[in-house]
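Trainee: Next up is a structure, given as C-alpha cells.
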Amino acid sequence: MPVSTIKIKDVPKQDRPRERLLNLGAEHLSNQELIAILLGSGTRDESVTTIATRVLMHFEGLKLLKDATIEELTAIKGIGDAKGVVILAALELGKRLNKFKPDEQYVIRSPEDGADYVMEEMRTLKQEHFVAIFLNTKNQIIHRQTIFIGSLNASIVHPREVYREAIKRSAASIIVAHNHPSGDPTPSQEDIHVTRRLAESGKMIGIELLDHLIIGDRKFVSLKEKGYL
C-alpha cells in the first residue's frame, strides 16, 4: 500500500497523533503530528500526515508558517478553507499567547527584562514600531503604548507624545523601545539623538527615561548600557 494512501485508521491506535498526544503530552509530538491533529482528516487519496508533511515542506518547516495567509494555505493540495482557517486560528492563538504578559505583575529590573517583555512581538515586525512602557515607583508595568509606526525620526517622536501619556498614567518612569526590521539592533545616530532628547525632556518634568531598547531578531541593544543615558 503506497504511503500516501495509508489512512489514520490503518495506523495502530497507539501510534496515531491524537492518541500519542493523550498518552505522552503535546510536547512529545512532532510538528507534522501537531499539524495533522489540526487538519483532522486527510482526503480520499492522501492521509492527513501526508498533507501535514506537505504543509511543512511548503513553509520550510515552521520558519514561514507563522506568517501564512489563507490563500497560501488553500493553494496546498489537500487544504481547503475549513482546514486553512483552523491552522490560521491556531497560529493566531499562539501569537496572542506569546504576547500575553500580566502587566500588573511584570517588573522590569534590567534591560533584559524590558527586552524580554517586547521581544516576541517586535522582533518580526516588518516596519519600525516605537513603543513606550510606563512604570510605577516599583518598576511594575502599568501601561504600554505604541507611539508611532514608521522610520525613527526626531521630528516624529516628539517628547510630548510620550510624556503626555506618562503623565496621564501617573508613571514614575518610562522605557522606550523600537525595532529594526533588518534584525540588526545596532543604534543609528538618529536613535541616539532621539534618546537624548527624550531623556532631557523627562528630567524637566520629573519622569525618568530608564532606557531605550533597540530590538533586533532575538537580540537587542540597551542605549543605557551603551552610555547614551
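Trainee: Hey, Gln127 hits all of (1) under 30 Å from Lys203 (Cβ atoms); (2) outside any helix (DSSP H, G or I) but one; which does it fall short on?
Mentor: Condition not satisfied by Gln127: (1).
Trainee: Mind listing just one residue for me: the one in region 10-25 that is at pLDDT 90 or above and surrounded by fewer than 16 Cβ atoms within 10 Å (Cβ to Cβ) and, of those, nearest to the chain's Cα centre (by Cα)?
Mentor: The extreme case among them is Gly25.
Trainee: Then there is this: Looking only at region 162-216, how many residues end up being out of contact with any Ser or Thr (no Cβ under 9 Å at 6 or more places or on another chain), within 21 Å of Leu135 (Cβ to Cβ) and either of a type in the set (Gly, Ala, Ser) or part of a strand (DSSP E or B) (or both)?
Mentor: 10
Trainee: Restricting attention to region 156-198, which residues are under 18 Å from Gly227 (Cα atoms) and of a type in the set (Gly, Ala, Ser)?
Mentor: Within region 156-198, Ala177, Ser188 meet the criteria.
Trainee: Find the residue count for region 54-86, including only residues that are within 18 Å of the chain's Cα centre (by Cα) and in a helix (DSSP H, G or I).
Mentor: Residues that pass the stated criteria total 3.
Trainee: Can you name the condition, by its number, that Leu213 falls short on among (1) within 30 Å of Asp67 (Cα to Cα); (2) surrounded by fewer than 20 Cβ atoms within 10 Å (Cβ to Cβ); (3) not aromatic (Phe, Trp, Tyr)?
Mentor: Of (1) within 30 Å of Asp67 (Cα to Cα); (2) surrounded by fewer than 20 Cβ atoms within 10 Å (Cβ to Cβ); (3) not aromatic (Phe, Trp, Tyr), only one is false for Leu213: (2).
Trainee: Further question on the same structure: Just checking, does region 45-54 include any residue being free of Cβ contacts under 8 Å to residues at least 40 places away in the same chain and either under 30 Å from Leu135 (Cβ atoms) or exposed (fewer than 11 other Cβ atoms within 10 Å of the Cβ) (or both)?
Mentor: No, there is no match, as no residue in region 45-54 is free of Cβ contacts under 8 Å to residues at least 40 places away in the same chain and either under 30 Å from Leu135 (Cβ atoms) or exposed (fewer than 11 other Cβ atoms within 10 Å of the Cβ) (or both).
The values are calculated or read from the model by the stated rules, or taken from the named source; none is laboratory data. The shown structure was predicted, so the numbers you read here are calculated from the model rather than taken from an experiment. Here Cβ is always computed from backbone atoms with ideal geometry, including for glycine, and neighbour counts include all displayed protein chains.
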